[in-house]
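No lab work stands behind these numbers, since they all come straight from the coordinates. In this text, all values refer to a predicted model and were calculated from it rather than measured experimentally. Note that each Cβ is placed from the backbone with ideal geometry, even for glycine, and that neighbours are counted across all protein chains shown.
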Amino acid sequence: MFSIREGKKEDIPAIFELIKELALYEKAPEEVTNTIEMMEKDGFGEVPVYGFYVLVKNSTQEIVGTAIYYYRYSTWKGKRLYLEDYIITEKERGKGGGKLLFEAVMRKSLEEGCTGMMWQVLDWNEPAIRFYEKYRSEFEQGWINCHLQSEAISELINR
């Protein structure tokens, strides 16, 4: 029913549509400021900063899911795979493709010599939390995500 493969540059427009679908699901469509051009440069330029898998529906060859990842370094744990986005289009959820995609990322973390993988999930996303619980995922408490946007960084540095 589904197959998994490494993402290619020509997949990015379809991946970008999945990203926008996820942002809508997470009630933050206005937060997507990335572009297809930025994704092409960042994923397929001189120094790629992320990789991704695609979930393809075999009967139509349509991309119906993606897992976008990169590597980070933990001073406590060493090299970790960070799963930035894990998206299955709504109409294909619950059909087994998500399991294939998630397990492909788990295998990638082992192949690349990572000490583990990590990701975030919104506390209200019960279906995702239940899915991750099936994999004996650990849920951290007490950490607050912090961000600085480039506009704020420029303003702070240049004042």
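By counting other Cβ atoms within 10 Å of each Cβ, how are SER59, SER137, SER109 ranked from fewest to most?
The most exposed by this proxy come first: SER59, SER137, SER109.
Rank the residues VAL105, VAL121 as a footprinting-exposure proxy: fewest other Cβ atoms within 10 Å of their Cβ go first.
VAL121, VAL105
Using alpha carbons only, what's the Rg to Rh ratio of the stretch 112-159 with Rh from Kirkwood?
1.18
Be a star and scan the stretch 51-73 for residues whose amide nitrogen sits under 18 Å from the point 7 Å along the Cα-to-Cβ vector of ARG5.
The answer is 51-68, whose backbone nitrogens lie closer than 18 Å to the label point.
What is the Cα centroid distance between the stretch 67-99 and the stretch 28-45, reported in whole angstrom?
Here the two parts' Cα centres lie 17 Å apart.
Can you put TRP76, TRP119 in order, fewest other beta carbons within 10 Å first?
Ranking TRP76, TRP119 by Cβ neighbours within 10 Å, fewest first, gives TRP76, TRP119.
Which value, in debye to the nearest 20, describes the size of the charge dipole of the chain about its Cα centre when Lys and Arg Cβ atoms bear +1, Asp and Glu Cβ atoms bear -1, and nothing else is charged?
Computed charge dipole of the chain: roughly 660 debye.
Report, to two decimal places, the Cα Rg of the chain normalised by 2.2 N^0.38 Å (N = number of residues).
The reported ratio for this selection is 1.09.
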